[in-house]
Amino acid sequence: MAQRPTVYRHSIATRLTHWAFFLAFLALISSGLQIFNAAPYLDASDKSNPAHRVLSIDSTDSHQGITTIFGHRFTTTGFLGYTDDGMGGKTDRAFPGWLTIPSYQALADGRRWHLFFAWIMVISGLLYVIVGILRGDLRELILKRADIPKLLPMQLYYLRLRKDPPPHGKYNPLQKLAYTTVLFVLAPLMILTGLALSPSFDAQFHPITVVFGGRQFARLWHFVLMLLLIGFFVTHLVLVTTTGVINHLRSMITGWYRLGAHDGTGI
Amino acid sequence: MKRRLFIASSLSAALAGCGAIGTRLNDSRFHDVLNSAEALNHALLGTRGLAKEYAESDIDWNFRVNGFDTPMDSAYATLMNGNYRAYHLIVDGAVERPQRLALAQLRSMPLQTNITRHDCVEGWSAIGKFRGVQLRDVLDLAQPRTQARYVIFHCMDRSPEGLPYYESLNLHQARHPQALLVLDLNDRPIDADHGAPLRLRVPTQLGYKSAKWVARIEVVASFATIFSGNGGYWEDQGYEWYAGI
């Protein structure tokens, strides 16, 4: 079988920012869970208010981990509430040591990691978008009106209910939808909900905090956005590993990608 | 700048057991890199704007108590039993006119009331009604000298290890119109658990700046030689001096 052509798919800026995103993403999630542990509950209100509590991760006197979501109690001993203390033992703690940075409870360190990697994420994001605009390849990633009718056929193709994907360029319509949502909806909301937790930001831009429903509500949105971004990340990993993981990894390291049968050629 | 223990030494030892990466992540150069974000945040957000003021109906009448235990020493007990009549706020250091102000003197100054949200570094928030003297009025009485840069708040409470609580603001932050030396919380003289007889209240920064049980205000050119040199008890434990975020 003749080898398909290899194309230069990812610019150096894309590759560098991709791995910066990856590193910052892991650091932000794990340091964010560390910060969450200091007040392991989320309220849909401005000030803390148990009457508006959406999520809490607690423990009982008998060391049972209890996770309460919208008033529904779940026993989560060993994973949430009463779990790994990061130092080889167990303790009353919302998220376990293997999910947090640092692994043991240390809010000051968690905040240092979080606020540093937030800058790495923001700077990498700006670099990615600016280079993408200058090179013109950001256009290929953004969902356009013409892509919308192709979303369903593409989903049917992924579900193996359709033999061929609809014709598309470098990115298929579902990829465009996902990346456009992450880059231009979820990421800005993540930054704004994070900033809304800052008393000094609130003093200067209080209407933004109000839009999110107040400081504690912004903390809840920040957490929900994290879950959505983890959803994107898991989907990304599944797709990358099931569609030629070596080829994808090589292209994100060297830039060169071997075209598949259904890849668009509009590189 | 002298770098602080980020981590209690016992925890460091535990992590060092995890090998080279753990050691590398705990070394001070790596922390200097992480800490660089503080300067960016300070530059980005600074101390601008006024904290939102709330309505009476928003007040948490049972305002949450947090921080160190209420002082238990005999000096504080004597003060409290005498209804704080023996209390004097000392204002000294790099000032032209050191002050020794009794509560009655502070109460005779113009008082400001603001209902603002207290945002804890842990993540929770509570709304209280704070009445007190504007910090800048007290500083104006003492007249900071030209070399003055920071205001240190020495407090009566101590950590479980016996270290005294203290905090600091720069002069710009200290002159913020909502920065108060609070006499009353929620329409009553502030009680022992909330920092009686006098606490600081800085609504544009996280709660650890709002020191309770303030005994002395020291105006200085630099806080490098005060305790561990980071400008506050929690700052000495690794928290940011700039607590606006």
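Please treat every number below as a calculation from the coordinates, not as lab data. All values reported here derive from a predicted model rather than from experimental measurement. Every residue, glycine as well, gets a Cβ built from its backbone with ideal geometry; the counts of neighbours run over all protein chains shown.
Listed from fewest to most Cβ neighbours within 10 Å, the set B:I127, A:I66, B:I190 follows the order A:I66, B:I127, B:I190.
If you take every residue apart from A:A218 with its C-beta less than 15 Å away from the C-beta of A:A218, what net charge results, scoring Lys and Arg +1 and Asp and Glu -1? Numbers along the way, then the final one.
Working: positive: A:K47, A:R215, A:R219, B:K52, B:R117; negative: A:D43, A:D46, A:D202, B:D119.
Taking every Cβ under 15 Å from that of A:A218, the sum is +1.
Shown for the protein assembly as shown: lysine pairs separated by 8 or more places, or found on different chains, whose C-alpha atoms are under 30 Å apart, numbering 18.
When A:W221, A:W113 are ordered from fewest to most other Cβ atoms inside 10 Å of their Cβ, what list results?
Working: A:W221 20, A:W113 24.
Fewest-to-most Cβ neighbours within 10 Å comes out as A:W221, A:W113.
Taking the number of Cβ atoms within 10 Å of each Cβ as an exposure proxy, the fewest-first ranking of A:L159, B:L79 is A:L159, B:L79.
Once Rg and the Kirkwood radius are both taken over the C-alpha atoms of the protein assembly as shown, their ratio Rg/Rh works out to 1.04. With the highest mean first, a sort of the peptides A:183-191, A:77-85 on other beta-carbon atoms found within 10 angstrom per residue produces A:77-85, A:183-191. When only alpha carbons of chain B are considered, Rg and Dmax amount to 18.7, 61 Å. Across region A:109-241, the relative contact order, built from alpha-carbon pairs under 8 Å that are at least six residues apart, equals 17 percent. Using every pair of separate Cα atoms, the Kirkwood estimate puts the hydrodynamic radius of chain A at 20.9 angstrom.
Projected onto its three principal axes, the C-alpha set of region A:40-104 covers 36, 25, 16 Å, listed from the longest axis down. In order along region A:4-12, the phi-based Karplus estimate (6.51 cos²θ - 1.76 cosθ + 1.60, θ = phi - 60°) of 3J(HN,Hα) comes to 6, x, 9, 10, 7, 9, 10, 5, 4 Hz; Gly and Pro are listed as x.
When Lys and Arg each count +1 and Asp and Glu each count -1, what net charge do the other residues less than 10 Å away from B:L200, Cβ to Cβ, add up to? Computed value for this residue: +3. Each residue of region A:213-222 was assigned a 3J(HN,Hα) from its phi angle through the Karplus curve 6.51 cos²θ - 1.76 cosθ + 1.60 (θ = phi - 60°); the sequence is x, x, 5, 5, 5, 5, 5, 5, 4, 4 Hz, with glycine and proline shown as x. Quick check: net charge around B:R216, other residues with Cβ under 11 Å of its Cβ, Lys/Arg +1 and Asp/Glu -1? My count for the surroundings of B:R216 gives -1.
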